[in-house]
Structure formats: C-alpha cells, structure tokens
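Here the structure comes first, spelled out in structure tokens, and everything after it is commentary.
Quick note: the coordinates plus some simple rules give every number you see, no bench work behind them. Treat the numbers as computed from the prediction; the structure is a model and nothing was measured. So basically every Cβ, Gly included, is an ideal-geometry build from the backbone, and we count neighbours across all protein chains shown.
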Amino acid sequence: MSPLANSVNSKYKNKGRAWEIRFTSIDTARSLSQLAPPPAVRTKLSNAAALSEPDLVCLSHLRWNFVYQRPQHLLSRSAKNRRVFFVEEPIFCSGTDWWLDVSIHESGVWVIVPHLSEGISEETAQTAQQAMLDDLFQATEIHQYILWYYTPMAVSFTNQLKPLAVIYDCMDELSAFHGAHPALKANESQLLKRADVVFTGGQSLYQAKQNQHPNIHAFPSSIEKEHFATARNLAEEPADQKDIPHPRLGFFGVIDERMDIELLRGIAEAKPDWHLVIIGPVVKIDPAILPACPNIHYLGSKSYQELPAYIGGWDIAMLPFAINESTKFISPTKTPEYLAAGKPVISTPIGDVVKPYGENGLVRIASSVAEFVACAEEIMNESAVDRANWLSKVDAFLADNSWDRTWQEMQDLIASAIANKKQKSEVIS
C-alpha cells in the first residue's frame, strides 16, 4: 500500500458510482508527514502541530503542471503547513471510463483531475464534478477547509460546500479571453457575493472591481528574486540557445491571443541581424500564424527552474503584448522576474507595466515597431555607468517584493475573515 493510500479514509467506499478515485504519480519514498495527511493521522506525527491549519481546496481553470505562475507560487507556500487540493477542470476522453485522478506534486500540493467522457452535456459534467468532489472530501477526510477559486465557473458545482471562508483570487479578466464561457460573468457575480475575501492580480484589475466587493485587495505579481538573480552570473548556456547569435531579445511565457504577432514580425524584419528568442507553449492560436522569420527562434516550453539560464543569455527582455481586451487588466509576472535577472526590459503599453515600472524608469515602453527598435538601440548603446545606475534602481524597487511576503499578507487577511465570520455566527446563535 502506498503512503497516499494510507492517508485516505479507509472507511470510504465508492459503492454504486460510475467512477473511481485513482491515485497516481506517488513518490513512495516520502513519509506520511510529508504528504500532509488528514486530521485522523496528524496526531500520530511528530510535526502534527505544524499541520494544524485547515485544508485549502482550490478550483482552477489552469493546469498545475502547465506554466509555473501565480497559483503555483502561492499554493506551494500554503502547502508547507496544510493540505492543499488543487482541483483542475475535467479532461474529456474518448472512452467511457470516468475517474478522478489524484496525485501529489513535489511541492506537497494534491492535484485533482476529473476524467469524463467526450460528448456529455455540460449539465452532466457539472453534476459529475460535484459528486466527485463530494467523494474526494469523504475519501480524504476534508472537514475544516478554505475554498479558493481561480475560476468562477466552478461555482456551479460547489454551492453545496460549507467552507470556513471563500477566497476569490482574480488573477485575470477571464471573460475577455478568447473562447470565454458565456456564463462566466454571471458566475463571477455569484462568486463575488459568496466570497469573504477577494484578491486581484494587479492594480488595473483592482480598480475595475473595487466597487464589487467590500473586502478586496490588490496583490500584483511578486517574485523569487534569488532564483532569477542567478541569471546575472551565467556559467553555461542551454544547448538550444548557445549558438544563437547576438544581440538577442527574449520572451518567455504563454504564446496566445495576447501576443502581438505582427510586432514580432516587424522587429525581426526591421533588424534581420537581431535574434528573437521565444520560450513557451503555443495555446489557443494556430502555430502556423506565428512569423517564421529566420531570426526568430521558438524554443518551446521550459521549466521554471530552467528559465534563469535562458534569460542570462539575452541582451534584452521583451513584453510584446498586443493591446486588446484580453491584455487590458494583465499584470505580467515576468516583469519583475526579467528585472531581477538584471535584464533591460521593453514592453508595449500594458497598464500594470507602465505604472509602476515605466513611470519609475525601470522598463522602456514602446507602442510600435519603430519605437521598439529605437528603445532596443538605446539600450545597446548605453554606457556601463548608466546600466549600473539603472540596476541599482531596479534592486531598490524589488527589495521588498517577494511571494513569501505576499502569501503572508494574504494569510493574515484570510485569518481575519474567518475570525469575523466566527464572531458573527456566535452573535447570531
């Protein structure tokens, strides 16, 4: 029996269900304490006191193993002293078998993935997800917990739950994205009514939603400075980048409708001796529409751990976002990450980049190919003294910015919300 199987309620039986819970990708070398077991087991562990926090159940539209970003940074920290269940949207398969895949990431986060049949109705899918979630709660003895939403669409199958607190971490204006569900805005309205605390992924998003909830707080992108600072002392370049000529202008992130494809094409054509390095998965757009210029190099997805080695070999970092509805409220996590790596940054006029980074002289802002090229030439021609002065400003600006600090501030707000709810319930009773 695997460690995970030991941590599941042995009394749980999935009788009469059309699915099963499957435990996969389990590291059998890890102890029960490392898997953050349920309360019934915690008392037998030497570190039980450290695992006394309520569980956290997150409903997400993003895959845990897709791109390492805000959810992974925050919830990995949460998993240090509580069980964290990261429930993804279903994967629809051609077969007739339904199951709930449960695995544990190296961070300690439990990753939960429903597998359903292709072609079933949306109503059936929602009913199945609700029942699967109920089964998960029973199997893993989830009793005292916090509900954390990234997707408002999960409201439709979680209204039956009774958490200690409901948190909505609104990291994007999802309704503005290509292919957004028509019910997304209505579901978000429901979620905002139910939420005890709302976080936003940036100042622009906060300003747009600040009047929609009484307890809303802006938490722009944070950073792991030490991780990206390793790019400043690059020892060896990755094999697929080392032979690309300089100057190099680089980007990492998801390549989707937010990318200004024509801007990339224009820069590459205007400066054929410059080389553009593009790292990341292509999502929701046809890869065939990407410019195929000989000086644009698409290196595919790279892990979070690999990124500093790539950035270290760039001369300039780019934020070539299109200006459209899908980018109106974004707060790119890569902005402070590029800066911590010590790389000059050029961005299109994204609101949460212009303010504060552009206004503080940390990032150059360009609205066209000509402006982008001019900014890059200015960077390439600046003196060592000017670069050193700029880097000093960057380091001073980033000094107090960290995901650890962000998570601690969020935890304090959540604890306060739980205490307030408890106090109100006691008054009523």
Self-check item: Counted charge near C293, where neighbours are those whose Cβ lies closer than 15 Å (Asp, Glu -1; Lys, Arg +1)
Solution: -1
Quiz item: In the set [x] 21.7, 73; [y] 22.6, 70; [z] 23.2, 73, which value of Rg and Dmax of the Cα atoms in Å was calculated from the structure you see?
Solution: [z]
Quiz item: From the Cα gyration tensor of the stretch 57-103, with a ≥ b ≥ c the square roots of its eigenvalues, which class applies: rounded if a/c is under 1.5, or else prolate if a/b is larger than b/c, or else oblate?
Solution: prolate
Exercise. Evaluate the distance, in nm, between pseudo-label points positioned 7 Å from the Cα of I261 and of E306 along their respective Cα→Cβ axes.
Key: 2.4 nm
Quiz prompt | Label point distance in nm, R387-E224, each placed 7 Å from Cα along Cα→Cβ | solution = 2.7 nm
Quiz prompt | Amide H contacts under 5 Å for I223, placed H, 5+ residues apart | solution = S402, W403
Quiz item: Listed highest first by mean packing, meaning other Cβ atoms within 10 Å per residue, what order do 380-393, 408-421 come in?
Solution: 408-421, 380-393
Quiz item: Residues with amide H under 5 Å of C93's amide H, sequence separation 5 or more or different chain, H placed in the peptide plane at 1.01 Å from N; which?
Solution: L116, S117, E118
Quiz prompt | Student exercise, the chain dipole from Lys, Arg, Asp, Glu Cβ charges, in Debye to nearest 20 | solution = 1520 debye
Quiz item: Hey, any idea what Rg/Rh is for the stretch 132-289, computing Rh the Kirkwood way over Cα pairs?
Solution: 1.08
Quiz prompt | Summed residue charge, Cβ within 11 Å of V57's Cβ, Lys/Arg positive, Asp/Glu negative | solution = +1
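Given the -39500 (n - 2.57) contribution per DSSP H run of 4+ residues, what per-residue ellipticity at 222 nm results for the chain, rounded to the nearest 500 deg cm²/dmol?
-9500 deg cm²/dmol
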Quiz item: Got a sec? Charge dipole of the stretch 234-359, +1 on Cβ for Lys and Arg, -1 for Asp and Glu; which of S303, M318, Q241 is way out at the positive end?
Solution: M318
Quiz item: Hey, can you rank 69-75, 179-185 by average C-beta count inside 10 Å, highest first?
Solution: 69-75, 179-185
Practice problem: With an 8 Å cut-off on Cα pairs and a minimum separation of 6 or more residues, tell me the relative contact order of the chain in percent. | Solution: 13 percent
Practice problem: First check a/c for the stretch 213-276, with a ≥ b ≥ c the square roots of the eigenvalues of its C-alpha gyration tensor; if it is under 1.5, answer rounded, and if not, answer prolate when a/b is larger than b/c or oblate otherwise. | Solution: oblate
Quiz item: In µm²/s, what is D for the stretch 265-402 at 37 °C and 0.692 mPa s, where D = kT/(6 pi eta Rh) by Stokes-Einstein and Rh is the Kirkwood radius from Cα pairs?
Solution: 205 µm²/s
Quiz prompt | Within the chain, percent of DSSP bridges classed antiparallel, to nearest 5 | solution = 15 percent
Practice problem: Add +1 for every Lys or Arg and -1 for every Asp or Glu among the other residues with Cβ under 15 Å from the Cβ of E378, and state the total. | Solution: -1
Self-check item: Long-range HN-HN contacts of F321 with modeled amide H, under 5 Å
Solution: D260, T348
Quiz item: Taking the Cα-to-Cβ direction at R232 and at K422 and moving 7 Å from each Cα, how far apart do the two end points lie in nm?
Solution: 4.3 nm
Practice problem: Please report the relative contact order for the stretch 78-146, taking Cα pairs under 8 Å with a sequence separation of at least 6, and give it as a percent rounded to a whole number. | Solution: 29 percent
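Looking at the stretch 44-130, send over the antiparallel percent of its DSSP beta bridges, to the nearest 5.
Working: 6 of 16 bridges.
Rounded to the nearest five, the antiparallel share is 40 percent.
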Exercise. Go through 95-106, 246-257 and give me the packing order, highest mean Cβ count within 10 Å leading.
Key: 246-257, 95-106
Quiz prompt | Prolate/oblate/rounded call for the stretch 113-190, Cα gyration tensor, a/c under 1.5 rounded | solution = oblate
